[in-house]
Number of protein chains: 2
Amino acid sequence: MQTYINPKLSDWSTLTSRPTKEVQDLQKIVFDVFGKIQTEKDQALFNFTEQFDQVRLTSLKVSLEEIEEAKLLISEDLKQAIKLAASNIERFHSAQREEIKVIETTKGVNCWRESRGIENVGIYIPGGTAPLFSTTLMLGIPAKLAGCENIILCTPPNAAGKIHPAILYTANLIGIEKIYKVGGIQAIGALTFGTETIQKVDKIFGPGNQYVTAAKQVAQNFGVAIDMPAGPSEVLVIADETSVPKYVAADLLSQAEHGIDSQVILLTTNEQTLNEIIVEINTQLEVLPRKELAAKALENSRGIVLNSIEECVAFSNIYAPEHLILACETAEEYIPKIINAGSVFLGNYSCESAGDYASGTNHTLPTNGYAKNYSGVSLDSFIKKITFQKLSSEGIQNIGPAIELMAEAEELFAHKNAVTLRLQDLSSKA
Amino acid sequence: MQTYINPKLSDWSTLTSRPTKEVQDLQKIVFDVFGKIQTEKDQALFNFTEQFDQVRLTSLKVSLEEIEEAKLLISEDLKQAIKLAASNIERFHSAQREEIKVIETTKGVNCWRESRGIENVGIYIPGGTAPLFSTTLMLGIPAKLAGCENIILCTPPNAAGKIHPAILYTANLIGIEKIYKVGGIQAIGALTFGTETIQKVDKIFGPGNQYVTAAKQVAQNFGVAIDMPAGPSEVLVIADETSVPKYVAADLLSQAEHGIDSQVILLTTNEQTLNEIIVEINTQLEVLPRKELAAKALENSRGIVLNSIEECVAFSNIYAPEHLILACETAEEYIPKIINAGSVFLGNYSCESAGDYASGTNHTLPTNGYAKNYSGVSLDSFIKKITFQKLSSEGIQNIGPAIELMAEAEELFAHKNAVTLRLQDLSSKA
């Protein structure tokens, strides 16, 4: 961890910058794979899966037998844990439902919004070492609550042609029935164009490696929406003398273990706290299975002493972290000053892992500074809000003359005429 | 207008398709202009404005004198009309504010969301013949309500170096102070990168021609968010024997006059209504100033007779129109069946012009079928929702064991450890 003591304000811009990565241009690969999927459909999926996942599948869809088998492979304890998390996530996200409020903006002019679930959504769950069944909960539960009609889950099979049982158990628990063994660019292509087996969707959600990220970006050119732009995970912790150094160290490490490109920033109000936390990091690091990965991530990370918590929050707003932990006793006082962050954790007991798994908030959050302009995934991400309006004869009489004047000033005479005809009829009736 | 009587279901896919346009590849032009703006900043803006708008400006910012002058050029009647519209738009959008609801998902685990305005937003208002001061209201008012700190408005100057007074009057009325004379790709570039005069923003809103649209798309690669993908404006009207043919005709024409690529679809439950409306269209078309434009748009438009209003709504859901007018007396009965639409107008007095100008709903809506996966602009478009969580010692004890199990199953041991350390401390205290 690189440390800085009371850096000058003029250095903040460098200190809040993220490591620039060589973005490999993957667009050509994506267009090639997409092209094959458009023409060869399922056949292309089988071929790419053989090429990239080293397995020749006979069926893309996960069978009921496989789901039943998965249920037997998961311990009762883990099942209960998943159910607790699911229940909290459902409680938090169902409170995001919006009541219909009819607003009479002018007498006789009633306007309101109604929510509709996006009909067809695709959820991508990465494969690899860590089976992200928690992401299955985070995306599947709000999709269900939103009333999305078709929820399609894609995840890559392992070399034996299997999906991790925790992912299958979780998907089944929350009622996702359409689970397909396909990953990478080809999964995103299938969701974008549809094949004989996999239905085309309207919006694609979920994390993934650089190939998946590139494919999601390209998919947008074909009319599909995506959840948000993706980047490496990150946390910023603000600590003072009321923080518990070992907790802060543990929270920083739980971010660092995600990958070597994870970023971790520690802000403290005094040097002693900074040093105590660094000592704790080094101690805890020793016993971590993903030690080397975490150590690598820490090399790019920063520990900075600033003058006050206010200053730390100001720094954080410029950085706009995905996760912000205010690990101090007075955390709540600073809430109004927090402008840019994905998710905020207050006090010594609110560790990031809580939000990652089970507190109920969503863990799909804006990274890479996108907390400045994007929200994390919520029920809103799975719905559209349609505006409705009903004008009575009185309503059009009240606002009609204003519309006529404005339309005329914009030189849109047919717009004006649509009002004039109605007003004429009403005045002749009166 | 091409007409179809009870087409087969197998033809719906063709009938709900939009005319495919040759999308000219403008990316190279955009990257060239963006490159110049990154290096030459203001100087590039002056040069491009001279090149594309045929005027050599001495200052990019609209002066206070120009705003005072604009106020004198607008009639009192139009000012009152704009104020009425502004008041309705403000009323409707301020009702979209969300109260903070703290959800205790498990005893001791409190989670909630808070809204923050996006700090820096750019609003683009096109120039050309029709001065879109109405769009200034539609984007400026929710930006103000959201508490966006910096609202930057860009709009191209005319050959005399002036902005239309209605745009200046409207922007000033709603409190937008930073108005710049710059249009096209160069405006989007300035908002994306910032120059000496124009501040970089986090999100760009507003309609525009194909160059602006292409520039907004490219801007996303540089960390800027945009309101939504753009396409030609469109309306779908559902009419039956309770509709007033001349109103329906007027509504269809007010869409058609937007441009030759506007699309207009009329669905009726009987042939007689269809014919009556077509007769009315031809009559009204004759006296329109933008007659040729509207006539051209109508050539690509469709009038279709279907068996019932239910069937019309089903067709509309596949088409996913920007504007949907249910011009029949029983309109409200069909609301629950409407799944995909930007904004819906109910009954004979709810003309599209009402929503375009003054009813209070937003007129920035998803086109080109994007009503399937995007909402129109609302207060939500100008805010981010940040999740907060605070766990008490009881809270972490209640959900901690579940987090430990889940983190372990995902093989993320530092995530687990962040909880374990806290639980150990608490159990040793007990």
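Points worth noting:
- Approximating the spin labels as points 7 Å out from Cα along Cα→Cβ, the A:S427-to-B:E149 distance works out to 5.1 nm.
- A dipole drawn for the protein assembly as shown from +1 and -1 charges on Cβ atoms has a positive end, and of B:H93, A:P126, A:V305 the residue lying farthest that way is A:P126.
- FRET E, pair A:E394, A:E329, Förster distance 45 Å, beta-carbon r, rounded to 0.05: 0.20
- Pairwise centroid distance, computed over Cα atoms, of the stretch A:307-369 with the stretch B:205-267, Å: 40
- 15 Å reach of a label modelled at B:E408, 7 Å along Cα-to-Cβ, counting backbone N of the stretch A:62-78: A:74-78
- Cβ-based charge dipole, the protein assembly as shown, positive-most Cα from A:N221, B:N110, B:S243: A:N221
- ³J(HN,Hα), Karplus 6.51/-1.76/1.60, whole Hz, each residue of the stretch A:294-300, x for Gly, Pro: 5, 4, 5, 4, 5, 4, 8
- Amide H contacts for A:L266 (H built 1.01 Å from N in the peptide plane; partners 5 or more residues away or on another chain; cut-off under 5 Å): A:V237, A:R302, A:G303, A:I304.
- Extension gain for A:R18 to A:N275 (0.36 nm times residue separation, less C-alpha to C-alpha distance): 90.2 nm.
- Under 23 Å from the Cα of A:K61 - lysines, other chains or at least 8 residues apart: A:K36, A:K41, A:K71, A:K144, A:K162, A:K178, A:K181, A:K200, A:K203, A:K216
- Here each label is just a point 7 Å from Cα along the line to Cβ, and for A:E196 and B:E114 those points are 5.5 nm apart.
- Charge-dipole axis of chain A as Lys and Arg at +1 and Asp and Glu at -1 on Cβ define it, positive-most pick from A:A230, A:A295, A:N417: A:N417
- For the stretch A:69-136, trypsin sites (Lys or Arg not before Pro) are listed when DSSP marks them as loop and at most 16 other Cβ atoms sit within 10 Å of their Cβ; the list is A:R97, A:K101, A:K107.
Every number here is computed from the coordinates shown, using simple stated rules; none is lab data. Since the model is a prediction, treat every value here as computed from it, not as a measurement. Cβ atoms come from the backbone with ideal geometry, glycine included; neighbour counts cover every protein chain shown.
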